[in-house]
1. Relative to the present Cα-Cα distance, how much length would full extension add between E42 and D22 at 0.36 nm per residue of separation?
2. At a Förster distance of 25 Å, what's the computed FRET efficiency of D34 paired with T14, Cβ-Cβ distance as r, to 0.05?
3. Are there any GluC sites (Glu not before Pro) in region 8-51 that are in a DSSP loop and have at most 10 other Cβ atoms within 10 Å? List them by number.
4. Let me check I've understood the local charge: for C9, count other residues with C-beta under 13 angstrom from its C-beta, Lys and Arg +1, Asp and Glu -1. What total comes out?
5. Could you derive backbone 3J(HN,Hα) for region 14-29 from the dihedral phi with the Karplus parameters 6.51, -1.76 and 1.60 (θ = phi - 60°), listing whole Hz in sequence and x where the residue is Gly or Pro?
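What follows draws every value from the coordinates through simple rules; no lab data is involved. Computed from a predicted model, the values in this text were never measured in an experiment. Every residue, glycine among them, receives a Cβ derived from its backbone with ideal geometry; neighbour counts consider all protein chains shown.
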Amino acid sequence: MGMSVASPCDICATGTVEHTCDRCGNLVCERHFDETSGFCVECTADMSGDVSEQRPDPGDTYRF
């Protein structure tokens, strides 16, 4: 579903907004949107860099 919004991309401020991030709500251009996840590139990088958000670290159970 394309959007016809006259505002610039929230990430690069130059591209034309074509998508909305399903995670943070950023309005982003085609270049800064990941079709696979439905997230902007910032959220995609955040999710891939923080695996603790996706599954717990079994080592945390035994810390004293």
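1. Difference between extended and current length: 6.0 nm.
2. 0.85
3. Here the sparse-neighbourhood loop sites are E35.
4. Value of the local net charge: -3.
5. These are the phi-based 3J(HN,Hα) values: 10, x, 7, 4, 10, 9, 10, 5, 6, 9, 10, x, 4, 8, 10, 7 Hz.
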